[in-house]
Amino acid sequence: MQTKVDTGTNELLCEISDRICHVTLNRPDKKNALSRSLTPAIRKILADMEKNKAVKCIIISGAGDAFCAGGDIGGMNENASKGELDFDFLTNDLIKKQEELTLRLYELPIPTIAVIPGPAAGAGLCLALACDFRFMASSTFLTTAYRNIALSGDYGGTWLLPRLVGMSRAKDLFFTGRRVGAKESYELGLIDRVYEKDILMSEAKKFAETLAAGPRLAVARMKKNINDSQNLNIKDSMRVEAINLIKCMDETDHKEAVKAFLEKKSPTFA
């Protein structure tokens, strides 16, 4: 059964089916560039899905032949031409938007998959990097792109990218803004799977079904353990692991899994 979710704008499509939420950026004529309607809608959907206990995996993709081209450069030009640059206001506003989009996506207690049928650039690449997994069409490319418009980067890209590819490679990709094809993206560790475009979404859905069949709270705590480990020493990380594991032992999912194991069956998680 599919349930369509009202996002408040036709620039973002959302539906829920079999515990999987599929979010589609829907500005194909603009390569799904972020806009004043699209970006707030994504932020709201992420907040709503975090509260929706029926959702156990999220797929984020783009309509047409792109994932997301990043910020709308036409809109940037419009703002610059007005000469309205209130530094404190603009800085605080961007910090808030970043925290409600890529930070929320990175910390979301639900597995997330970016399905990249076409180019992901700038903030659009950051959106993909903030997901837990990235599936990419063999025919497309990724690019940081900021260099090309003389900007230094935003939406967490300079934090996320080095953790996937290392410091020097991250600097290469930011300083040059070069396009990185699917083969190199996979070799660098930027993405997890490469498929021909015609089977890309079906393969992502198969993986999403596996994730959605898992124990929701245990997976959420696994994700937090791994995310938190990036900024902890091993002793503190092990303490977090211990706390979260003991919490899991009191959950219905754990009791169901133990019962199923003893009965030599596969567990069914809520």
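The values are calculated or read from the model by the stated rules, or taken from the named source; none is laboratory data. Please read these numbers as outputs of a predicted model, since none were measured by experiment. Here the Cβ positions follow ideal geometry from the backbone for every residue, glycine too, while neighbour counts run over all protein chains shown.
Here are the numbers for the structure shown:
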item	result
Qualifying residue in the stretch 175-182 (condition: at pLDDT 95 or above, touching a Lys or Arg at 6+ places or on another chain (Cβ under 9 Å) and hydroxyl-bearing (Ser, Thr, Tyr))	yes
From the options Glu256, Glu209, Glu241, residue that is assigned to a helix (DSSP H, G or I) and under 20 Å from the mean Cα position of the chain (by Cα)	Glu209
Options Glu196, Glu251, Glu263: the member that is modelled with pLDDT of 95 or more and not β-branched (Val, Ile, Thr)	Glu196
Flag if Thr24 is of a type outside the set (Asp, Glu), part of a strand (DSSP E or B) and over 18 Å from the mean Cα position of the chain (by Cα)	no
Number of the exception - Ile246 against (1) closer than 21 Å to Ile20 by Cα; (2) of a type outside the set (Phe, Trp, Tyr); (3) in a helix (DSSP H, G or I)	(1)
Tally of residues being of a type in the set (A, V, I, L, M) and in contact (Cβ under 8 Å) with a residue 60 or more places away in the chain across the stretch 43-57	2
Residue that is surrounded by the most Cβ atoms within 10 Å (Cβ to Cβ), among those in the stretch 10-51 that are closer than 17 Å to Ile73 by Cα and hydroxyl-bearing (Ser, Thr, Tyr)	Thr39
Residue in the stretch 68-84 that is under 25 Å from Ala220 (Cα atoms), among the β-branched types (Val, Ile, Thr) and in the same structural domain as Leu160 (by TED's automatic domain parsing) present	no
Strands (runs of 3 or more DSSP E) lying entirely in the stretch 90-158 (those with 3 or more residues that are crowded, with 20+ Cβ neighbours inside 10 Å and outside the structural domain of Asn225 (by TED's automatic domain parsing))	112-116, 133-137
